[in-house]
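Readers should treat all values here as calculations from the given coordinates under stated rules, not as data from a laboratory. All of these numbers come straight from a predicted model, not from anything done at the bench. FYI the Cβ positions are ideal-geometry reconstructions off the backbone, even for glycines, and counts take in every protein chain you see.
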Amino acid sequence: MCEPVESIIGADKTSADYYFDSYSHFGIHEEMLKDVVRTKTYQNVIYKNTFLFKDKVVLDVGAGTGILSLFCAKAGAKHVYAVECSSMADMAQEIVKSNGFSNVITVLKGKVEEIELPVAQVDIIISEWMGYFLLYENMLDTVLYARNKWLASSGLVLPDKASLYLTAIEDADYKEDKIEFWNNVYGFDMKCIRKQAMMEPLVDTVDQNQIVTNSQLLKTMDISKMAAGDVSFTAPFKLVAERDDYIHALVAYFDVSFTKCHKLMGFSTGPKSRATHWKQTVLYLEDVLTVCEGEAIVGSMTVAPNKKNPRDVDIMLKYSLNGRRCLASRTQYYRMR
Ligand SMILES: C[S@@+](CC[C@H](N)C(=O)[O-])C[C@H]1O[C@@H](n2cnc3c(N)ncnc32)[C@H](O)[C@@H]1O
């Protein structure tokens, strides 16, 4: 017999509930699980480094379907606490049971900041917390909270490093389509929307042939040591043109690494690597920069969680080009929301 539909899809939920609790819907978990770069890297990290997990107590921060907890249990962890605040926790519970791991994995439904863990400390904290532009959604704070509260002094955080990079691209066609479009819509001036479109970084995949400059490392975060406040920073950059071209946008992306593995492991979300569901983050520039090979765009990027809604990220970009064919200097503001 089939189960009543209500108990399977949660018919008591409205679309507004799903909006505010997007991780309750299986669709977002499907997208994450099918991101092979992401999920396979975690699987390889765990299965190829069982020496890290054998007989260890693990905390999975934001367990979702429980996939990372299952990997850890299979790798020989003594016990795994899988904490998940959305109603996906109920599914995780069922998945753990149907795969025969109920004696090793305990699913705790609730916010990491609010639950009581049945143990005083854990040996390993594992989490997939990264958002678009690395910091969107601000789940890193939750990992740092868990680290400070429960991680043994000799314990590990996985992954333990995350780095944000910046590069510059030629993107005339797309800028025309997404930004300049608003200048004249069927003969009407809609420039007020252009302003908003400019302020909203675009999450999309960038063709590596569009890249005009080197990549600049902006910031590396050491998840095992950093303080919550370190997610706010200002970093200088210098992007040197590798050919004569026009620059329409800067592009941000991140890498994560698991440096405590037998061999360094990790993945990149950069435009030269296999695409992930994080894609890249494109910040359009007001100016079109006519750049000659060897010339540098210099500036700084300031990143901070939005004060009113800390899940949003505020970005201030300062850039200037003092080139043979182009002089430009400007400050632009963006909001990831
Ligand atoms: C990016 S998903 C990763 C899910 C799963 N670990 C995976 O790798 O497929 C992050 C999960 O963390 C959960 N989450 C976010 N903040 C949380 C918090 N403060 N406490 C508990 N869970 C949280 C979300 O509901 C979501 O399911």
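Tabulated data for the structure shown
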item	result
Integer Hz, Karplus 6.51/-1.76/1.60 couplings in order for the range 225-241, x for Gly and Pro	10, 5, 9, 4, x, 5, 6, 9, 7, 10, 10, x, 9, 9, 10, 9, 5
Net charge, Leu285 excluded, C-beta distance under 12 Å - Lys, Arg +1, Asp, Glu -1	-1
Ala197-Asp90 FRET efficiency (beta carbon distance; Förster radius 45 Å; 0.05 resolution)	0.70
Amide H within-cut-off set for Ala249, under 5 Å, with H built and near neighbours excluded	Ile169, Asp171, Leu285
DSSP-assigned coil residues among trypsin sites (Lys or Arg not before Pro) in the range 49-110, each with at most 14 further Cβ atoms within 10 Å	Lys54, Lys78
³J(HN,Hα) computed for each position of the range 168-181 - Karplus, 6.51 cos²θ - 1.76 cosθ + 1.60, integer Hz, glycine/proline x	10, 10, 7, 8, 4, 5, 6, 5, 4, 6, 8, 10, 5, 2
Potential extension, Lys272-Asp207 segment - 0.36 nm per residue separation minus Cα distance	22.6 nm
Computed E for Asn184/Leu217 - FRET, C-beta separation, R0 45 angstrom, nearest 0.05	0.70
Unsatisfied cross-links (Cα-Cα over 30 Å) in the set Lys161/Lys191; Lys219/Lys279; Lys149/Lys219; Lys56/Lys307; Lys56/Lys161	Lys161/Lys191; Lys56/Lys307
222 nm mean residue ellipticity, helices alone, for the chain (DSSP H n ≥ 4; -39,500 (n - 2.57); rounded to 500)	-6500 deg cm²/dmol
Cut-off 15 Å (backbone N to label point 7 Å along Cα→Cβ of Thr259), residues of the range 144-166	156-164
Amide H contacts of Ser87 (H built 1.01 Å from N, under 5 Å, at least 5 apart or other chain)	Ser24
Net length gained if the chain between Ala227 and Ala120 were fully extended (0.36 nm per residue, minus Cα distance)	36.4 nm
Virtual spin-label span in nm between Asn148 and Phe26, 7 Å along Cα→Cβ	3.8 nm
